[in-house]
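Quick notes on the structure that follows.
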Amino acid sequence: MRDLAAIAAAVVRCRRCPELRAYTAQVAREKKRAHRDCSYWGKPVPGFGDSHAGMVLVGLAPGAHGSNRTGRPFTGDASGDFLYPALYRAGFASAPVARDRNDGLVLADCYITAAARCAPPGNKPTPGELKNCFPYLLEEFDALDRIVVMVGLGAIGFNAVLRVLDRRGFAFGPPKPVFSHGAQYVARNDRRTISAIASFHPSRQNTNTGKLTVAMFDAIFTLAKEILARAGGADRPSADPVPSSAHPSSSPERLDSSGTR
Ligand code: SF4
């Protein structure tokens, strides 16, 4: 079994979806006007957080000019501007702001990952791309052996949570899980109990329209904290983030002229 650092290194090297790798490279090459002076990451984005996490967040995929630019989940875009303050208010993040992967932000009892790790066109990974990326989520689940609650951000993130639990032999009692903001379902196998929570994704589309409010999002993490506390979260070790060495430097793998690297 690989540890989180080894999984992260494998993710960054991954080329299972050539079209996505070409797209992320193209975005990194062309850039957005507002970020034209940035050196884009332009590769698959590995998970980020506390290796002893009791709570795992599963998002959709990197944003083209957010984490595809910065190399860290939810960092550098509007979704992160909504997520990290919520995590900070709930005590899961050391700061309410996430600017870049070297900003010193630390997560405690929280790990953030995604259903797909390459930015997809239109924020819509294909079923085949989600399938290609799923083994990494399973590996992270196995490496994070203290998980007691998983939060799916958006329907695709929540479905990924359900699939991971199913593949690891967890069963949900009735009713069958259905995506609905704030819904909580309890899964059990012969050794462990894990709660799955569904949340609207903190995308600009959801937060600007009021579909997801600050209060609604805070309630998700209040619920997660209650679950962690019942599971002995207060006795958990303090934050032990994946070391920065797990995020290979952006400098050795810059784009070549063809954009395919
Ligand atoms: S989406 Fe996942 S499986 Fe596909 S290339 Fe990126 S990291 Fe690899």
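All of the numbers you see were taken from the coordinates with simple rules; none came from a lab. Keep in mind it's a predicted model, so treat the numbers as computed, not measured. Don't worry about glycine lacking a Cβ; one is built from the backbone with ideal geometry, like all the others, and counts go over all protein chains shown.
When 133, 38, 14 are ordered from fewest to most other Cβ atoms inside 10 Å of their Cβ, what list results?
Working: 133 24, 38 15, 14 19.
Ranked by crowding around the Cβ, least crowded first: 38, 14, 133.
Between the helical axis of 18-30 and the dominant principal axis of the chain, each derived from Cα atoms, what acute angle in degrees is found, rounded to the nearest 10?
60 degrees
Based on other C-beta atoms within 10 Å, arrange 230, 117 from fewest to most. Intermediate results must be reported in sequence, preceding the final value.
Working: 230 11, 117 29.
Ordered from fewest to most neighbouring Cβ atoms within 10 Å, 230, 117 come out as 230, 117.
With the chain treated as a Gaussian network of Cα nodes joined by springs under 10 Å, which of 187, 119, 160 yields the largest mean-square fluctuation?
187
If I build a Gaussian network model for the chain, linking alpha-carbon pairs within less than 10 angstrom, which residue out of 161, 214, 56 has the largest mean-square fluctuation?
Sorting by GNM fluctuation, first place goes to 214.
State which entries of 31/225; 32/211; 131/176; 131/211 exceed 32 angstrom in Cα-Cα distance in the structure shown.
Checking Cα-Cα distances, 31/225 exceed 32 Å.
With the Cα gyration tensor of the chain giving a ≥ b ≥ c as the square roots of its eigenvalues, does the rule (a/c under 1.5 for rounded; else a/b larger than b/c for prolate; else oblate) give rounded, prolate or oblate?
Since a/c reaches 1.5 and a/b is larger than b/c, the shape of the chain is classed as prolate.
At 222 nm, what helix-only mean residue ellipticity would the chain give, in deg cm²/dmol to the nearest 500, using -39500 (n - 2.57) for each DSSP H run of four or more?
-10500 deg cm²/dmol
Within region 24-84, list the trypsin sites (Lys or Arg not before Pro) lying in a DSSP loop whose Cβ has at most 14 other Cβ atoms in a 10 Å radius.
Those that pass, being in a loop and sparsely packed, are 32, 36.
Could you tell me how many degrees, from 0 to 90 and to the nearest 10, lie between the Cα long axis of helix 4-13 and the main elongation axis, the longest principal axis, of the Cα atoms of the chain?
Result, in degrees: 40.
Relative to the longest principal Cα axis of the chain, at what angle does helix 127-143 sit, 0 to 90 degrees, rounded to 10?
Here the helix axis deviates by roughly 60 degrees.
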